[in-house]
């Protein structure tokens with residue numbers, strides 16, 4: 001187990017360094033990072049002052065060393081427009097995004113897991129047909145569009161729920177549902193297919209031949225084995241939700257990391273864009289690491305490989 | 001599908017087994033037929049846009065601005081789906097918008113397949129440091145949430161059709177890298193590949209003759225789903241104002257405009273979104289059918 005944990009930790013560390021390198025060079029890929037951040041009609045001397053201020057006049061290796069040294073000290077740079085540490089700004093916007101992602105995940109799980117289980121236990125029944133439709137709908141309805149439809153219907157027509165902002169607990173409902181819907185579809189499909197796989201397995205045939213009745217089979221033999229693949233998917237889902245929240249936050253004017261990123265792009269605040277990307281990638285890598293470890297703990301076979 | 005050989009002898013020309021299986025699958029799968037119809041519909045809209053569209057998509061008509069759809073009491077037959085705030089005809093813009101979506105989807109997926117399969121084959125064949133670099137690249141791209149990656153790369157590249165295609169080609173390549181790499185690693189140890197090598201065949205001979213044909217089926221399925229994902233993400237980028245230039249009629253750009261009038265003139269955002277949903281539905285149904293036809297075992301896994 002110890003070597004498994006160590007190798008996973010090392011892998012994550014390498015990925016984080018990789019993300020830093022990628023983001024650093026991405027901004028400089030166009031050859032002229034100053035042009036990305038300064039208005040096109042700015043005079044030449046202002047450009048030079050700006051480049052000096054940001055250290056962009058230094059040779060690339062020097063810039064990179066400086067960047068890595070800063071990050072190692074927990075400094076992701078200062079925002080161009082707000083003139084304060086990007087990490088402070090990110091910290092203010094982090095909770096709303098996490099709240100939205102957790103809300104979406106909760107919505108998706110409470111519906112998807114029972115639906116997928118019921119569908120898998122009675123394939124080709126009417127519940128199964130509903131589950132398949134939900135699975136397909138989650139795959140094909142764009143979440144940003146769903147968000148707009150929900151606003152038109154529940155906020156404008158019926159006036160049941162607020163359309164924009166994050167003022168009351170009810171404000172979370174529409175964004176969380178729109179964000180969680182795609183995940184709901186994927187989770188239903190996965191739960192259903194896992195149940196089908198488990199039902200075909202040898203140990204289930206043995207249990208059945210021993211005379212265990214249907215309910216006992218479902219609760220004691222099927223359910224625990226469905227839980228394992230779900231763990232890894234929940235990790236992937238969470239990362240996906242972090243990314244998908246950019247659209248949803250934009251639709252609902254939700255004050256999280258997504259709208260922060262959108263605003264930073266509009267203001268060509270590249271240090272902030274860079275910092276948000278690194279930060280979100282860091283969260284995603286950490287969540288991935290956690291699910292890997294959890295997986296290794298639940299399923300001992302993985303520790304060897 | 002066991003009687004494929006019998007049918008082949010009856011047909012005028014010998015059909016390959018895959019071809020027969022594909023046709024059979026399509027006949028038996030209502031979803032596949034619906035998917036095919038939807039995809040043909042959208043593709044024809046893209047190809048024959050000038051003949052289908054009722055107006056010039058870029059033609060502004062300020063007297064007809066924000067006309068509701070034809071079935072609305074204030075609507076008119078002149079503008080089937082209504083107009084936007086400039087008076088541009090929504091139906092015509094949606095028809096032309098199919099071009100951007102399909103171009104990005106098809107060419108984006110083609111570039112992702114080309115880049116991904118090439119790198120994956122190299123990694124799987126040579127292993128060692130080549131594999132470490134390629135797999136590292138794939139893992140790195142996969143470690144950043146996809147949408148964030150796409151947004152950041154789009155911001156750096158700028159707004160043009162070619163850049164958007166390039167962007168999706170690169171960011172989606174890890175799926176194909178992983179697939180091709182895994183398959184090569186597996187097949188390298190199979191008897192027929194080892195036999196070819198023992199007879200003196202070089203990788204340049206073995207890879208295209210013995211490996212690629214075996215990858216074609218699953219690759220087609222993967223690529224189909226990737227096309228629908230790219231159409232979804234491209235429209236999302238457009239919605240955020242990061243895809244093709246704003247004057248180009250694209251579904252994402254229409255959504256981006258429409259959202260500003262969402263509470264007063266919802267149809268401006270509803271119809272382009274519907275176009276995206278219908279297109280991805282069609283491609284996904286087609287993909288499901290293709291997957292089942294190529295790998296019948298996958299059918300029940302759904």
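Nothing in this text is a laboratory measurement; each read-out follows from the coordinates by a stated rule. Predicted, not measured: the structure shown is a model, and the values here were computed from it. Note that we place each Cβ from the backbone using ideal geometry, even for glycine, and neighbour counts take in every protein chain shown.
Report relative contact order for chain A in percent, whole number only (criteria: Cα-Cα under 8 Å, sequence separation at least 6). Provide the component values of the computation, followed by the final result.
Numbers: 334 pairs, mean separation 83.0, N = 305.
Once normalised by length, the contact order is 27 percent.
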Q: Pop a pseudo-label 7 angstrom from the Cα along the beta-carbon direction at both residue B:76 and residue B:192 and give the gap in nm to one decimal.
A: 6.5
Q. Rounded, prolate or oblate: which fits the protein assembly as shown when a ≥ b ≥ c are the square roots of the eigenvalues of the alpha-carbon gyration tensor, with rounded for a/c under 1.5 and prolate only if a/b beats b/c?
A. rounded
Q) So what is the relative contact order of the stretch B:144-222, in percent, for Cα pairs below 8 Å that sit 6 or more residues apart? A) 22
Q: For chain A, set up a Gaussian network in which alpha carbons nearer than 10 Å are linked by springs, and say which option among A:278, A:212, A:188 fluctuates the most.
A: A:212
Q: Please order A:178, A:12, B:228 by the number of other Cβ within 10 Å, starting at the fewest.
A: A:12, B:228, A:178
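So what's the projected area for chain B, the Cα convex hull averaged over all directions, in nm²?
Details: hull surface 80.2 nm².
Averaged projected hull area, Cα only: 20.1 nm².
Quick one: length gained pulling residue A:122 to residue A:102 fully straight, 0.36 nm per residue minus the C-alpha distance?
Values: separation 20, 0.36 × 20 = 7.20 nm, distance 2.99 nm.
Length difference between fully extended and current span is 4.2 nm.
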Q | All-pairs alpha carbon distance profile, the stretch B:189-302, 10 Å steps from 0, percent | A | 13, 27, 21, 19, 12, 7, 2, 0
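Applying 1/(1 + (r/R0)^6) with R0 = 56 Å to the Cβ-Cβ distance of residue A:87 and residue B:54, what FRET efficiency is obtained, to the nearest 0.05? Walk me through the intermediate numbers first.
Working: r = 53 Å, r/R0 = 0.95.
Step by step, r from the Cβ atoms, then E = 0.60.
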Q | At R0 = 25 Å, FRET efficiency that the Cβ-Cβ distance of residue A:29 and residue B:129 yields, to 0.05 | A | 0.55
Q: Rounded to the nearest 500, what is the 222 nm mean residue ellipticity of chain A from helices alone, with -39500 (n - 2.57) per DSSP H run of 4+ residues and division by all residues?
A: -24500 deg cm²/dmol
**Q.** Nitroxide proxy distance, nm - points 7 Å out along Cα→Cβ at residue A:110 and residue B:43
**A.** 4.4
Q.
What value in Å³ per residue do you get for the convex hull of the alpha-carbon atoms in the stretch A:211-298?
A. 99
Q) Considering the alpha-carbon set of the stretch A:121-253 alone, what are its Rg and its Dmax in angstrom? A) 18.9, 59
Q. Label residue A:11 and residue A:164 with points 7 Å out from Cα along Cα→Cβ: what is the distance between them in nm?
A. 4.4
(Q) Rounded to whole Å, give me the distance from the Cα center of the stretch B:278-293 to that of the stretch A:28-80. (A) 46
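Would you calculate a helix-derived [θ] at 222 nm for chain B, using -39,500 (n - 2.57) for each DSSP H run of n ≥ 4 and dividing by the full residue count, to the nearest 500? Intermediate results must be reported in sequence, preceding the final value.
Numbers: 15 runs with 212 residues, N = 302.
-22500 deg cm²/dmol, from helical runs alone.
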Q) Relative to the longest principal Cα axis of chain A, at what angle does helix A:270-298 sit, 0 to 90 degrees, rounded to 10? A) 30
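Given a Förster distance of 35 angstrom, what is the FRET efficiency for residue A:253 paired with residue A:72, based on the Cβ-Cβ distance and rounded to 0.05? Each step should come with its number before you reach the end.
Numbers: r = 36 Å, r/R0 = 1.02.
With a Förster radius of 35 Å, E is 0.45.
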(Q) Let me check against my output: what whole-number percent is the relative contact order of chain B, with C-alpha pairs under 8 Å and at least 6 apart? (A) 23
Q.
Please report the spacing between the Cα centers of the stretch A:280-295 and the stretch B:121-186 in Å, no decimals.
A. 20
Q: Let me know the whole percent of all Cα-Cα pairs from chain A that are separated by more than 35 Å.
A: 36
